[in-house]
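Everything below concerns the one structure shown next.
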């Protein structure tokens, strides 16, 4: 079993202030694969002190110097790509094909996109006789989740480096090993001591210590809405900037002019990718009532064609969910759907046939779901699709918006104009039209309880900048 008992602070691997450990569990076989140390407020103090000291010089570096640094980070990341793929599959259960094609690949995408943003960004703008100057926000506290770990680390770390910020990262203690690899990449690339610091730990001991710390200027958090609210409350007394990317219960509206069987099958696959553990997953499928029976048949076929296997197995399949806690919660939600009277189309409680060990969930589809059911309102974060029939386009939009969340949305139509019209009525930060995939240059974030602020591309980069007005700083 691997031992990762040190934290990366001020350019060195150092012992924790207080010894306390946690085992990292492989969700495919429930075996411990590594042991990490769990940090405390004292470790955060040390990391913040290093970051504050490093900010004095790193914030003054030139655009050219930061471009060169990011290019080196990208090169070293690509050299370690195979290690990152293997690590993500082992610690959080993404199948190897998904780790290679997406989980690790998004690190390259965010670094590449950030390089393009930094090359073109106008740090100074003249407005009359005033010069507007964009400057780094300061020391940034980062809390990231386990479901797309490299994605959430790199879409924060890359723009923070580009902006001239320094940072302290607390990755999820459930899947922390990829973050240790990131620290090794940054160290090898020559990121100056104190610019990036890594402290493992839980939200109560480490996350709260970061949120309340007076020398952290900004908190950027990705995770559950419940934890995001706790971070914002803890940060309020120091009036630091807080950006949050939180939960979702995204609607997938299938209009009556769409190619029904095709878009339903695609919707099932999109819901189940990463074992349903994506905040922007299209987990609520709205279908015209007159087409509901046909849609159910297509959804059943797509779900039952989804193989489930060990994350380290070759081929395209669905892996386990991340932990026993997550497995049990999903099982409880599936049972709740049955008890509330939804039609269980396929899947259901328990593990898939032939898998007695590991946190494997049966790909599950519910039909005849009402908007007041728990499975239609709560984020399940597993491979569970709920299908809701609707009568009119207005009904579909109303039902889609009847949620506390507003992260993403999906609209399927034979007419792009019609899809755009429906999308304009959805109260979400993003909408995917007719199967469109992610755009790493577009802003990622949501409305309502799905958070505030944006990540990715130029909009994400700007979150790490302050704006200073120099009155009289330019000629009239």
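Based on this model, can you work out whether residue 47 counts as under 25 Å from the mean Cα position of the chain (by Cα) and either under 19 Å from residue 155 (Cα atoms) or not in a helix (DSSP H, G or I) (or both)? No; evaluated as a whole, the condition is false for this residue. Listed here are the strands (runs of 3 or more DSSP E) enclosed by segment 129-191 that have at least 3 residues being in contact (Cβ under 8 Å) with a residue 60 or more places away in the chain and within 22 Å of residue 225 (Cα to Cα): 139-143. For residue 368, state whether it is within 13 Å of residue 254 (Cα to Cα) and more than 22 Å from the chain's Cα centre (by Cα). Here the answer is no, as residue 368 does not meet what is asked.
Scanning segment 397-431 for residues that are surrounded by 24 or more Cβ atoms within 10 Å (Cβ to Cβ) and in a helix (DSSP H, G or I) yields one hit, 400. Taken over segment 208-222, the residue count meeting the criterion of being in a helix (DSSP H, G or I) and under 23 Å from residue 136 (Cβ atoms) is 4.
Just to be sure before I move on: is residue 418 at negative phi and touching a residue at least 12 places away in the same chain (Cβ under 8 Å) in the structure I sent?
Values: at negative phi: yes; touching a residue at least 12 places away in the same chain (Cβ under 8 Å): yes.
Spelling it out, residue 418 is indeed at negative phi and touching a residue at least 12 places away in the same chain (Cβ under 8 Å).
Does residue 295 satisfy the criteria of being closer than 17 Å to residue 410 by Cβ, in a helix (DSSP H, G or I), touching a helix residue (DSSP H, G or I) at 6+ places or on another chain (Cβ under 6 Å) and in contact (Cβ under 8 Å) with a residue 40 or more places away in the chain? Answer is yes for this residue. The sole residue among 194, 201 that is in contact with a strand residue (DSSP E or B) (Cβ under 9 Å, 6 or more places away or on another chain), at pLDDT 95 or above and more than 25 Å from residue 148 (Cβ to Cβ) is 194.
The values are calculated or read from the model by the stated rules, or taken from the named source; none is laboratory data. Treat the numbers as computed from the prediction; the structure is a model and nothing was measured. Note: ideal-geometry Cβ built from the backbone for every residue, glycine included; neighbour counts use all protein chains shown.
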